[in-house]
Structure formats: C-alpha cells, structure tokens
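Notes for the one structure printed next.
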Amino acid sequence: MSRGRTSRVFTRRIDADGSRRVPDELIVEEPLAIRLDGELVATTMRTPGDDFELAVGFCITEGVLHDVPIRTVRYCGEGPAAQAEYNDVTVDTGGRAPAPTPRLGPASSSCGICGTVAIDDLRERLRPLDVEPFEIGVLAGLADRIDGQALFSTTGAVHAAVAFDRSGMPQVLREDIGRHNAVDKVVGRLHMDGLLPAGDLGLWVSGRASFEMAQKAWAAGFACLVAVSGPSALAVETAVVANLQLAGFARGDRFNLYTGD
C-alpha cells in the first residue's frame, strides 16, 4: 500500500448484480507526534497532510501555548524528515512556553463531576466570548454551501471542518479521519494567517458537537459552532458558559439552536 492521503486496494463488491473485484480508495491513517519546543505533547492518529496546521491548532485549542507567540513549526527527528515519514512535528516558541504535560490522546467525553471539572478548567484559561451570534437565516442551508470535500467523496471515511464567514460562505475547509484533527487544522490555518480569535467566523463540523468540539471552538474564539449531528449535554453547558452559539442536526435548511437564540 502506497503512502499518501489515500491508498488503492481491491475489494469484492457484492450487490444485486452479483460479486466482482473492484478497486477501492481507502483513507491513509498514520500517527503524528506533536511536540512543543521539542517536548512531546500528544500523539494523534491523523490523515497525513496539513501537519503544521494540525500541530499549531492542537497547541492553541488545548491551551499549551499560554499566549506565547510561535517562532517556527517544523518536522523533527534524529535525521531528515523523510526518515521519520513526516510523522513528527514540533512547534517552537524558543522555550518561552511552559513545559507541556504529555497526554496519550484527546479526551472525547465527560460526565457528572468530571464534566464540571472540565468546564472549570476551561474557565481558568478562557474568558466568555464577547461576540455577536450569527443571524438565523445565515445558518439555514449552510451545509448546502459547503463543498470541496474531496477526500470524503473518494473514501467516505473522513470528517470535515469548515470556517465560514458572516454571510455563510466557507473560508477554510480541512478534512481528516479524526474530527478533532480537522478542527485543529482549520484553527492552525487561521492562526498562521493571523485570523485568530475568530470572532467573525463560525465553525461547521461534519459530526456531532461534543464537549471537545465546543472547547476547541471556544479556544479559537469562534462565534458559532454548527454540527451535522446532535450535541452532548456537556457541549451545550460549555457553550452556555462560553457565550458560544451552538446549533445541531444542521441538515438542509433545518437545525436545532441550543444557545445563542
């Protein structure tokens, strides 16, 4: 199997016309070690591509930068980047950022007292958003304006995240096998373009609105989070605390508005 965003294999397709071998495109999934000033922060399984954006976005949404400016982003390892298969990236602040605490993987759910603690942790490093919610008419039909999901069209196995403006027009689209990675790639791109905090932008995600999605939208300063599927109770609670407009089940011109009415 070749390295890249997709890999071609043969599969046996069975349908009303019978059984036959056909080529199929599969999404490539590889680990990426994310470092801050050379120290390991996390390892995530991701779709190769836009790795610098992913590393920068992760450091921002997880709060490990502490508002310290980034100097450089580069592949690292013992030898040339190609020898490490471009799977190791460091975000360099010149040692100004506090030493990170390594984590095994992204948190994806919380409940009970754990959820309360999670929101309290966010309150300690993030202020409620001072932004205007999006007009309801802009959110209606948003999904129909989003196209260009090339990897999904080819493989059917990736998530997408899109930053859109006040008119509902997409500005940045990224895809990844991990929905949190897709969001971090968008956030990283916006940061590298000097567009954070994203108070005049909304964030559309192809999956559900979990606590982690609300956290990342809040950390990046988005005014709105729109999800194709439903939100968790903790995501809604987080959006209330953050003053983040949150919509779920956004399909066609229908959606549920949970906050920011």
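The values are calculated or read from the model by the stated rules, or taken from the named source; none is laboratory data. Remember, predicted model here, so these are calculated numbers, not experimental data. Positions of Cβ are backbone-derived with ideal geometry, glycine not excepted, and every protein chain shown enters the neighbour counts.
Evaluation of residue 231 against the conditions (1) closer than 27 Å to residue 70 by Cα; (2) out of contact with any helix residue (DSSP H, G or I) (no Cβ under 6 Å at 6 or more places or on another chain) shows that the sole unmet condition is (1).
Here's the yes/no breakdown for (1) in contact with a strand residue (DSSP E or B) (Cβ under 6 Å, 6 or more places away or on another chain); (2) more than 24 Å from residue 218 (Cα to Cα); (3) part of a strand (DSSP E or B):
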{"position": "9", "(1), (2), (3)": "yes, yes, yes"}
{"position": "14", "(1), (2), (3)": "no, yes, yes"}
{"position": "21", "(1), (2), (3)": "yes, yes, yes"}
{"position": "24", "(1), (2), (3)": "yes, yes, yes"}
{"position": "31", "(1), (2), (3)": "yes, yes, yes"}
{"position": "53", "(1), (2), (3)": "no, no, no"}
{"position": "57", "(1), (2), (3)": "no, no, no"}
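Identify all residues within segment 165-182 that are of a type outside the set (S, T, N, Q) and not in a strand (DSSP E or B); write none if there are none.
Matches in segment 165-182: 165, 166, 168, 169, 177, 178, 179, 180, 182.
Does any residue of segment 183-190 turn out to be within 16 Å of residue 139 (Cα to Cα), touching a residue at least 40 places away in the same chain (Cβ under 8 Å) and outside any strand (DSSP E or B)? Looking for residues that are within 16 Å of residue 139 (Cα to Cα), touching a residue at least 40 places away in the same chain (Cβ under 8 Å) and outside any strand (DSSP E or B), one finds none in segment 183-190, hence no. Per the listing 53, 39, the residue uniquely within 23 Å of residue 190 (Cβ to Cβ) and not β-branched (Val, Ile, Thr) is 53.
On inspection, residue 162 does not qualify as part of a strand (DSSP E or B), farther than 25 Å from residue 236 by Cβ and at pLDDT 85 or above.
Being under 18 Å from residue 149 (Cβ atoms) and touching a Cys at 6+ places or on another chain (Cβ under 8 Å), is that true of even one residue in segment 190-212? Before you say what the answer is, go through the steps one by one.
Residues of segment 190-212 that are under 18 Å from residue 149 (Cβ atoms), as a first pass: 202-208.
Remaining after also requiring touching a Cys at 6+ places or on another chain (Cβ under 8 Å): 202-203.
Yes, the conditions are met somewhere in segment 190-212.
Of the residues making up segment 22-45, at least one is out of contact with any helix residue (DSSP H, G or I) (no Cβ under 9 Å at 6 or more places or on another chain) and over 30 Å from residue 101 (Cα atoms). Taking segment 167-188 as the range and being small (Gly, Ala, Ser) and buried (at least 24 other Cβ atoms within 10 Å of the Cβ) as the test, the residues that pass are 182, 188.
Just give me the residues in segment 212-261 being among the polar types (S, T, N, Q), free of Cβ contacts under 8 Å to residues at least 60 places away in the same chain and within 17 Å of residue 116 (Cβ to Cβ), in sequence order. Explain how you work it out, then say what you get.
Residues of segment 212-261 that are among the polar types (S, T, N, Q), as a first pass: 215, 229, 232, 238, 243, 245, 256, 259.
In the following step, the residues that additionally are free of Cβ contacts under 8 Å to residues at least 60 places away in the same chain were identified as 229, 256, 259.
None - no residue of segment 212-261 is among the polar types (S, T, N, Q), free of Cβ contacts under 8 Å to residues at least 60 places away in the same chain and within 17 Å of residue 116 (Cβ to Cβ), so the list stays empty.
Once segment 120-135 is narrowed to residues that are aliphatic (A, V, I, L, M) and over 24 Å from residue 255 (Cβ atoms), the residue that is modelled with the lowest pLDDT is 122.
Within segment 204-261, considering only strands (runs of 3 or more DSSP E) that don't extend past its boundaries, which have at least 1 residues that are buried (at least 24 other Cβ atoms within 10 Å of the Cβ) and modelled with pLDDT of 95 or more? Walk me through it before giving the result.
Working: elements: 224-227, 245-251, 254-259.
Passing ranges, in order: 224-227, 245-251.
Taking (1) modelled with pLDDT of 65 or more; (2) within 21 Å of residue 218 (Cα to Cα); (3) of a type in the set (Ser, Thr, Tyr) in turn, residue 109 satisfies each apart from (1). Restricting attention to segment 196-218, the residues that are acidic (Asp, Glu) and farther than 18 Å from residue 171 by Cβ total 1. The residue pairs whose first member lies in segment 49-60 and is over 13 Å from residue 215 (Cα atoms), whose second member is part of a helix (DSSP H, G or I) and among the basic types (Lys, Arg), and whose beta carbons are closer than 6 Å, counting only pairs six or more residues apart or on different chains, are 50/185; 53/185; 53/189; 54/185.
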